[in-house]
Amino acid sequence: MRPENPAQLHSPKQPPFADCPDRHHTGAEKWDRYADRRSADGREIIPFWVADMDFRSPECVLEAIRRRTDHAVFGYTHDTPGFACSLTDHLHRQHGWAIDPAWVIGVPGIVSGLAVTARLLTAPGDGIASFTPVYPPFLFLPRLADRRSVQLPLVADMQAGRWSIDWDDLEQTLAGDPTITLFWLCQPHNPTGTVFSHDDLLRLADAAERHNLTIISDEIWCDLVLDEDSPHIPFASLDHPAARRAITFVAASKTWNIAGLGCAAAIVPNERLRKNWRAAGGGLVPMVNPLGYAASEAAWREGDPWRLDLIDLLRTHRRLALDTVAELPGISCIAPQSTYLLWLDCHTWAAAQPPGRADPQRACEAAGIGPSDGREFGSPGCLRLNLGCPTSRLEEGLRRLRQAFSPPPVQP
Ligand SMILES: Cc1ncc(COP(=O)(O)O)c(C=O)c1O
């Protein structure tokens, strides 16, 4: 349905984030998970898990989709010229990174793109390293491709209020296992929201050079940095030989809320790898759909005012959530520098619970809030909370979070 006055949706006086369509019965993965379950007192469990937002996409994206559907022919479609060019302009404007549009390959999702890199650049049995906790496919995809996931835990520096890399662990792990030939870097990092610094990235590039490692940088969250003093730096933009070999993934999907349209980009500077790309994904990775191309192009070209409004809102949501978490005994959190995700460490809370009542995920669900379980990220005892929803819903979720963790707890 067209809004009465599309321009109003962008007006700061009428922000587009308050009034969200009902997603029940639309096949929304996020909402369907709890369709048949209730909280301990019989309420609907509000989903705060999978990383999509409940907001309408911006009008420029909707209009581009309408234009494409008006064309009315949806045959097999390869990368449109506008897709690579709009991404190239966006990366240059937003992140100061100059790429050649010829490096861009449209992919129907970053997860399948990561799987392609495993097949393209490693042999069965090889190790693929990542910083953990991490977005679950980083942990399970290697196994599906007959490779091994090698976990390098990030260190929570509560004093400094940030996550840091354990460089000794990294060095020892890489030195001790020459079959680790690929590093899947998630930056900004999901679930912690860490934006790695220039020094971190350079040090990682040096390690990659010493240990003959290819860096695959998943930068899907790069346009949702909340901290002004921590700009996102594309790994491949570094002036470093390891950066020139790197493959980068980006997408408009997280920022402009179009994940269901199945469209992302691999940026592959190496011509030989680009040639081999399709063969490595052959029979497994389908083509991108034409609506995904149209929506992504519009988002990169015209979506910045909406993105900036969204960032303002997410900063407010981060503040609200952190204030709540600060009141919860035994729950700790390092403020995310980016994303709409909050990573909660519930170990201290769990240690104080009676046996059988120490599962934070179950405690939350009993109180009517459904976060992501840290187990899936390699960190049992932690939770990830998705703040990408209307403020009123977040406030209700935070009330329920208090109920889950404040004494006396709601019993699962
Ligand atoms: C770091 C990261 N990479 C990839 C994805 C998913 O990408 P896609 O839907 O393009 O496969 C997500 C989704 O949350 C993510 O957080």
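The values are calculated or read from the model by the stated rules, or taken from the named source; none is laboratory data. These figures come from a predicted structure and were not determined experimentally. With ideal geometry, Cβ positions are generated from the backbone for all residues, glycine too; neighbour counts draw on all protein chains shown. The protein model used for the area step is the full one, side chains on, heavy atoms only, and it has no ligands, DNA or RNA in it. Shrake-Rupley method; radii C 1.70, N 1.55, O 1.52, S 1.80 Å.
At a glance:
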| quantity | calculated |
| --- | --- |
| Top-ranked residue of the range 105-130 - restricted to ones that are in contact with a Leu (Cβ under 6 Å, 6 or more places away or on another chain) and open to solvent by 10 Å² or more (accessible area, probe 1.4 Å), ranked as nearest to GLU219 (Cα to Cα) | ALA115 |
| Some residue of the range 244-258 being open to solvent by less than 10 Å² (accessible area, probe 1.4 Å) and either away from the ligand (no atom under 16 Å from the Cβ) or closer than 22 Å to THR179 by Cβ (or both) | yes |
| Among (1) hydroxyl-bearing (Ser, Thr, Tyr); (2) assigned to a helix (DSSP H, G or I); (3) open to solvent by 40 Å² or more (accessible area, probe 1.4 Å), the one test that SER86 misses | (3) |
| Matching helices (runs of 4 or more DSSP H) fully within the range 326-412 where at least 3 residues are open to solvent by less than 40 Å² (accessible area, probe 1.4 Å) | 360-366, 391-405 |
| Subset of the range 60-78 [closer than 12 Å to ASN289 by Cα and crowded, with 17+ Cβ neighbours inside 10 Å] | ILE65, ARG68, THR77 |
| Pairs where the first residue, in the range 257-270, is touching a residue at least 60 places away in the same chain (Cβ under 8 Å) and under 23 Å from ILE99 (Cα atoms) and the second is of a type in the set (Lys, Arg) and surrounded by fewer than 24 Cβ atoms within 10 Å (Cβ to Cβ), C-beta under 9 Å, 6+ apart | ALA266/ARG274; VAL268/ARG274; PRO269/ARG244; PRO269/ARG245 |
| Lone qualifier among LEU291, LEU273 - being within 16 Å of the ligand (Cβ to nearest atom) and not in a loop (DSSP other than H, G, I, E, B) | LEU291 |
| Close pairs (9 angstrom Cβ cut-off, 6 or more residues apart or separate chains): near the ligand (Cβ under 8 Å from one of its atoms) and in a helix (DSSP H, G or I) in the range 94-112, modelled with pLDDT of 95 or more and open to solvent by 60 Å² or more (accessible area, probe 1.4 Å) anywhere | VAL111/TYR135 |
| Residue count for the range 113-137, restricted to those that are within 15 Å of the ligand (Cβ to nearest atom), of a type outside the set (Val, Ile, Thr) and under 30 Å from TYR293 (Cα atoms) | 8 |
| Selection within the range 138-162 - within 18 Å of THR194 (Cβ to Cβ) and within 15 Å of the ligand (Cβ to nearest atom) | PHE138, LEU139, LEU154 |
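Let's see how each residue does on (1) away from the ligand (no atom under 16 Å from the Cβ); (2) in contact with a strand residue (DSSP E or B) (Cβ under 6 Å, 6 or more places away or on another chain):
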| site | (1), (2) |
| --- | --- |
| GLN172 | yes, no |
| PRO191 | no, yes |
| PHE196 | no, no |
| LEU201 | yes, no |
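Table: residues versus (1) under 23 Å from ASP41 (Cα atoms); (2) not hydroxyl-bearing (Ser, Thr, Tyr).
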position	(1), (2)
GLN337	no, yes
THR348	no, no
GLY356	yes, yes
GLY368	yes, yes
ARG393	yes, yes
ARG399	yes, yes
PHE405	yes, yes
